[in-house]
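Asker: Take a look at the following structure, please.
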Amino acid sequence: MINLRRIWFALAGLAIVGAALGLRLYRFTPPSSLSSYSLDSFSQLPPGLHSDEAFNALAGLRIRRSGQLTAYSDIDQGRSVAHMTLTALIIAIVGPIAESARLTSIVAGLLSILGMLWLTRRLFRSSYDAESGSVLQLIAAAEVAGTYWFVNFSRSGFELITLPMLLLAAFAALWQWLRRPSLVMSLLAGALLGLTLYTYYAAYIVPLVAVLIIGFCKFVARTYPPLTRHVVAYTAAFAIVALPLVSYAFNHTDVFTHRIEDTAAASQTSLPDNIVRTVGGLFIAGDRTTAYNLAGRPLLDPIQSIFLFIGLWVCLRRFKQPEFFFVPIWTVVLMLPAMLSNEAPAFNRMAGAVPGILMLVAIGGVQIYSWLTHLHAEWLGAMAITAALIFTFVRTADDYFVNWPESPGLLTTFSLPERIQAEAVAALPPSTTAYISPSDRGRSIFAYLWQDQLQAESFNGRTCSVAPTYASQDTAWLIDATQDRQSRDRLSLLYPRLESQPLWVHKGTTIVRRLSIPAGAAAVLPAGSIGRVSDLAELISITPLTPAQRDSKFRVQLLWRFLNSTAENWTEGVYLFDASGQLRAQDDSLPCDNSYPTSVWRSGEVMIEDRALQIPADLPSGEYILAVAFYRLSDNFRLPVFDGNGKPIGDLLKLQSVSIR
């Protein structure tokens with residue numbers, strides 16, 4: 001006789017595996033070429049590469065190359081190391097591809113499903129009959145496989161996804177030890193608990209959950225009283241594994257505590273408000289951070305919410321049983337990092353609580369299944385659970401693949417223009433000179449995609465543009481055209497035959513543009529010279545861009561030719577003096593709005609730089625002198641200057657007379 005129940009379990013299990021893989025792998029790979037981004041900017045989700053993903057991948061690349069493991073990473077002002085260490089292993093297998101950190105997250109997300117199965121089996125082995133226990137495992141695994149939170153963070157290369165993976169394994173080992181005491185299992189459980197501390201700073205509160213449940217079992221319920229020697233072994237294993245991190249924390253307090261201090265206690269809202277927002281984030285209005293969520297989407301869908309309330313009711317009714325005490329305590333304790341956050345509801349800081357929340361959902365689901373089967377309608381229970389899980393999976397897929405891509409600012413959140421710039425530079429022949437604008441070459445996305453090697457200089461094209469005086473080799477500029485609308489016009493003044501090619505067009509708008517000149521091209525420069533700053537740079541021309549008027553910005557354009565390179569960063573000051581020599585307005589910064597300091601200047605380059613002086617509203621009418629100087633900020637020492645004929649004229653290069661009427 002055909003056992004329909006077994007068939008249902010088998011089909012449901014296969015469907016969960018297939019859906020879990022599909023939700024994590026569908027649209028995972030990028031377009032086959034850079035130009036393909038113009039056909040479908042969202043062919044890969046998430047698009048681009050978030051700076052946090054790039055930092056994790058870069059750290060993984062450095063671990064892979066150095067072979068050195070650390071307890072905590074000082075990259076990006078401090079990061080936990082579990083994710084980057086696994087990423088180093090991924091890079092060792094598949095190479096330093098752009099998606100290496102995301103592959104780590106996929107693995108961690110899938111292992112979290114297995115961890116949930118293991119924990120559910122060990123936690124409730126004596127609480128339900130065989131059939132209900134199997135249904136509970138099925139629902140719990142499905143919730144991890146199909147809930148939006150897990151799908152989103154399993155596809156993004158953020159380090160927090162390693163917390164559920166190790167947390168579930170640590171709790172499963174803990175319960176296996178409590179249920180079937182053994183010295184080996186106590187040591188394994190303690191070691192796994194110690195490893196959770198290396199995942200994400202929200203994990204630092206996890207040991208409190210272990211203390212509460214062990215204390216409850218030993219002194220309150222007395223159901224599974226652990227042997228003292230096993231408790232000692234558990235604690236010792238935890239301490240040994242956690243010791244390197246604790247040592248690092250004591251020796252590098254500023255680095256270790258930076259992120260905690262940056263995200264906690266600075267909240268402008270009160271703790272009660274944060275608690276309300278965090279709890280409300282489960283059912284009403286979720287995190288609005290685009291990288292973490294479809295803005296405002298609650299953590300749970302309506303059916304999951306109903307299941308959770310029923311599951312919470314079941315736990316409260318059976319609170320004296322350690323397993324039903326454990327789940328709500330786990331959930332509440334690990335929601336504290338989010339409640340104490342300055343950005344509640346913070347879904348990233350709920351990483352340790354989400355599996356507990358989904359366990360409550362599963363408990364509620366199996367309770368509904370039990371109620372329906374007791375009504376002599378076994379098929380109805382199976383159908384209800386199947387329909388509920390299908391609803392969750394379908395809603396997750398719709399929100400992630402249809403609604404989330406329409407989120408405002410998604411492309412910039414995940415730095416898609418910068419990724420295209422980075423990959424375009426990496427694809428250039430090695431002999432090509434490359435510049436990017438207005439992105440900073442120091443950003444993590446460039447460091448990782450360029451294999452931790454500098455492959456292009458960068459400048460802020462909103463303020464200046466840089467080019468060679470003579471192109472000894474092919475030269476290319478990769479421009480984010482939405483942010484830098486000036487460089488093409490500026491460079492066209494220098495190179496009238498400048499080639500311009502849209503590299504990525506989104507909805508009719510050019511996002512990334514490639515400008516280029518061939519080897520042998522020479523810049524068209526005005527004849528003559530206004531003056532020279534030491535042996536550093538020559539000022540070729542000055543062009544007013546706006547009239548000099550009171551209470552407004554007076555903008556001028558300076559054309560510099562670099563004469564030599566230097567290791568020092570000189571500050572550039574533009575000044576307005578009256579006839580008596582009194583300073584009336586000034587603009588001081590490193591060249592190009594701090595984006596192209598003198599330490600990166602190369603002999604033979606030219607820079608067209610826009611500078612602006614705020615003219616005071618009460619400035620009297622008269623003639624004023626515009627001047628420029630380069631000085632060392634630490635002691636205000638100015639470089640000597642020379643006029644157009646090479647004659648020394650002090651340390652202030654006078655540019656032109658300015659009339660204020």
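The values are calculated or read from the model by the stated rules, or taken from the named source; none is laboratory data. For clarity, every value in this text was computed on a predicted model and none was experimentally measured. Because the Cβ atoms are built from the backbone with ideal geometry, glycine has one as well, and the counts that use them run over all protein chains shown. The area values use the complete protein model at the heavy-atom level, side chains included, leaving out ligands, DNA and RNA. Shrake-Rupley method; radii C 1.70, N 1.55, O 1.52, S 1.80 Å.
Asker: Helix 206-215 versus the longest principal axis of the chain: what angle, 0 to 90°, nearest 10, using Cα atoms?
Answerer: Taking the Cα atoms of the chain, the angle to 206-215 is about 20 degrees.
Asker: Sticking with this structure for a sec: From largest to smallest, what semi-axes in whole angstrom does the stretch 468-555 give when each is the square root of 5 times an eigenvalue of its alpha carbon gyration tensor?
Answerer: Details: eigenvalues 151, 101, 20 Å².
Its equivalent ellipsoid spans semi-axes of 27, 23, 10 Å.
Asker: While we're on this one: Leaving ligands and nucleic acids out of the surface, order 659, 458, 32, 603 by accessible area at 1.4 Å, largest first.
Answerer: Values: 659 55, 458 5, 32 120, 603 80 Å².
Sorted descending by solvent-accessible area, the residues read 32, 603, 659, 458.
Asker: Could you state the accessible area per residue of the chain in Å², with a 1.4 Å probe and every protein chain left in place?
Answerer: Numbers: 27490 Å² over 661 residues.
In whole numbers, the chain has 42 Å² accessible per residue.
Asker: With unit charges on the beta carbon (Lys/Arg positive, Asp/Glu negative), name the residue among 381, 515, 347 whose Cα is farthest towards the positive pole of the charge dipole of the chain.
Answerer: Going by the Cα projections, it comes out as 381.
Asker: So what is the 222 nm mean residue ellipticity for the chain from helices alone, if each DSSP H run of at least 4 adds -39500 (n - 2.57) and you divide by all residues, rounding to the nearest 500 deg cm²/dmol?
Answerer: On the way: 21 runs with 295 residues, N = 661.
Using -39500 (n - 2.57) per qualifying helix, the result is -14500 deg cm²/dmol.
Asker: Working from Cα positions, state the angle (0 to 90°, nearest 10) between the long axis of helix 183-196 and the longest principal axis of the chain.
Answerer: Taking the Cα atoms of the chain, the angle to 183-196 is about 30 degrees.
Asker: With all protein chains present, calculate the accessible area of residue 374 using a 1.4 Å probe and round the result to the nearest 10 Å².
Answerer: 130 Å²
Asker: Accessible area of the chain with a 1.4 Å probe: how many percent of it is carbon plus sulfur? Each step should come with its number before you reach the end.
Answerer: On the way: 16290 of 27490 Å².
The C+S portion of the solvent-accessible surface of the chain is 59 percent.
Asker: About its Cα centre, how strong a charge dipole does the chain have in debye, to the nearest 20, once Lys and Arg get +1 and Asp and Glu get -1 at the Cβ?
Answerer: Details: 51 positive and 49 negative charges, 405 e Å.
About 1940 debye.
Asker: Moving to a separate point now. Calculate how steeply helix 416-427 sits against the longest principal axis of the alpha-carbon atoms of the chain, using the helix alpha-carbon long axis, and give the answer as 0 to 90 degrees to the nearest 10.
Answerer: 70 degrees
Asker: Here is a further query. Percent of Cα-Cα pairs more than 12 Å apart in the stretch 170-224, please.
Answerer: Numbers: 968 of 1485 pairs.
I get 65 percent for the Cα pairs in the stretch 170-224 exceeding 12 Å.
Asker: Give me the Debye-computed log₁₀ of I(q)/I(0) at q = 0.09, 0.10, 0.14, 0.19 Å⁻¹ for the stretch 334-487, equal point scatterers on Cα only, no solvent, two decimals.
Answerer: -0.57, -0.64, -0.87, -1.14
Asker: Here's another thing I want to ask about it. Can you check what the Kirkwood hydrodynamic radius comes to for the stretch 110-185, Cα pairs only, in Å to one decimal?
Answerer: Values: mean 1/r = 0.0763 Å⁻¹.
Computed over Cα pairs of the stretch 110-185, the Kirkwood hydrodynamic radius comes out at 13.1 Å.
Asker: Over the Cα atoms of the chain, how large are the radius of gyration and the largest Cα-Cα distance (Dmax), in Å?
Answerer: For the chain, the Cα-based Rg and Dmax read 31.0, 107 Å.
Asker: Also: Once you have a ≥ b ≥ c as the square roots of the Cα gyration tensor eigenvalues for the stretch 353-402, tell me rounded if a/c is under 1.5, and otherwise prolate or oblate according to whether a/b is larger than b/c. Mind showing how you got there, number by number?
Answerer: Values: a/c = 5.77, a/b = 1.55, b/c = 3.73.
Judged from the Cα gyration tensor, the stretch 353-402 comes out oblate (a/c at least 1.5, b/c at or above a/b).
Asker: Which value in Å is the Kirkwood Rh of the stretch 509-661 over different Cα pairs?
Answerer: On the way: mean 1/r = 0.0601 Å⁻¹.
The Cα-based Kirkwood calculation yields 16.7 Å.
Asker: So what is the relative contact order for the chain, in percent, with contacts set as C-alpha pairs under 8 Å and at least six apart?
Answerer: Details: 1286 pairs, mean separation 71.3, N = 661.
Relative CO of the chain lands at 11 percent.
Asker: Then there is this: Just by accessible area at a 1.4 angstrom probe, what is the order of 61, 454 from largest to smallest? Could the numbers behind the result be given before it?
Answerer: Values: 61 5, 454 100 Å².
Final ranking, largest accessible area leading: 454, 61.
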